[in-house]
Each structure stands twice: as C-alpha cells, then as structure tokens.
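First comes the structure, then the notes that go with it.
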Amino acid sequence: QVQLVESGGGLVQPGGSLRLSCAASGGRFSLEVMTWYRSPPGKQRELVAAISRGGYTSYSDSVKGRFTISRDNAKNTVYLQMNSLKPEDTAVYSCAAVVGKNTYWGQGTQVTVSS
C-alpha cells in the first residue's frame, strides 16, 4: 500500500511560481511511475505531468514549458515546479503513483492563481 501526501499549494498572483511536493511511503518509490493531476473548479480532472522510474517526463500541452516534474528517489518525493502561473491553473492538484495495475492517490492541495 502506497501513501501519498501533497504540500506546497496556496494563493499566488498571475505570473508567480509555486513548488508542489508529494511524499510517498509504504511502497518501493523508485519502481513507481509518478504523476500530477489537477481538478479545476467545475471541470474534469486532467493529467498535468508524469515521470517514469528512469526520469522520463511528459506534460500536457497546457503546462508544457511552464511546469517541471522531478523526483528524488532518495527522499521518496516527487515535485512539480510551476512557473508563469495563470488564473486557469487554479485547481486542486493531486499526485498519483502508478504501481502495476494499481493507482494510489494523495488527498490533493489547492492552488489558486488570482490577483
């Protein structure tokens, strides 16, 4: 069983930056594919970024060039660096660990981009 705890959300002005963290426990972190999703108000959840065990990354078109996903296997933590934030980035951000056929979710952290 994998447990995930996100942190780092908050209120930021347009153009600002935030770094989200997701700490994992209870599993073999280095073997997991880690992802960040977001749920904007009134919209469906969408995949924002993913990072493989070997560090291969992929991003949604809406965040490419602005967000960076990374992982520190020694700390069992995955990060999402978010730069040049826009109001449309406002959402609950959740990390998820893909382990074989199972997906484990964190509780989410709110990110609000507003002046």
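Tell me, in nm to one decimal, what length is gained between Q13 and R28 on full extension, where the rule is 0.36 nm per residue of separation less the Cα-Cα distance?
The span from Q13 to R28 would gain 1.7 nm if fully extended.
Could you tell me what percent of the DSSP beta bridges with both partners in the chain are antiparallel, to the nearest 5?
95
Can you list the aspartates and glutamates whose alpha carbon sits under 16 Å from that of K101, skipping same-chain ones fewer than 8 residues off?
The reachable aspartates and glutamates, counting only those whose Cα sits under 16 Å from K101, are E32.
With a ≥ b ≥ c taken as the square roots of the eigenvalues of the C-alpha gyration tensor of the chain, please select rounded if a/c is under 1.5 and otherwise prolate if a/b is larger than b/c or oblate if it is not?
It comes out prolate by the Cα gyration axes.
Carbon and sulfur together cover what percent of the accessible area of the chain at a 1.4 Å probe radius?
47
Compute the accessible area per residue over the chain, keeping the other protein chains in place, probe 1.4 Å, unit Å².
So the chain comes to 53 Å² accessible per residue, rounded to a whole number.
Under a Cβ-only charge scheme (Lys and Arg +1, Asp and Glu -1), can you give me the dipole magnitude of the chain about the Cα centre, in debye to the nearest 20?
Computed about the Cα centre, the dipole is about 160 debye.
Sort the stretch 62-115 into rounded, prolate or oblate with this rule: let a ≥ b ≥ c be the square roots of the eigenvalues of the Cα gyration tensor; rounded if a/c is under 1.5, and if a/c is not under 1.5, prolate when a/b is larger than b/c, oblate otherwise.
Prolate is the answer for the stretch 62-115, as a/c is 1.5 or above and a/b outweighs b/c.
The values are calculated or read from the model by the stated rules, or taken from the named source; none is laboratory data. Predicted model only: the values in this text are computed from it and were never measured. Quick reminder, even Gly has a Cβ in these numbers, built from the backbone with ideal geometry, and neighbours come from all protein chains shown. When the accessible area is computed, the model is the full protein with side chains, heavy atoms only, and any ligands, DNA or RNA have been set aside. Shrake-Rupley method; radii C 1.70, N 1.55, O 1.52, S 1.80 Å.
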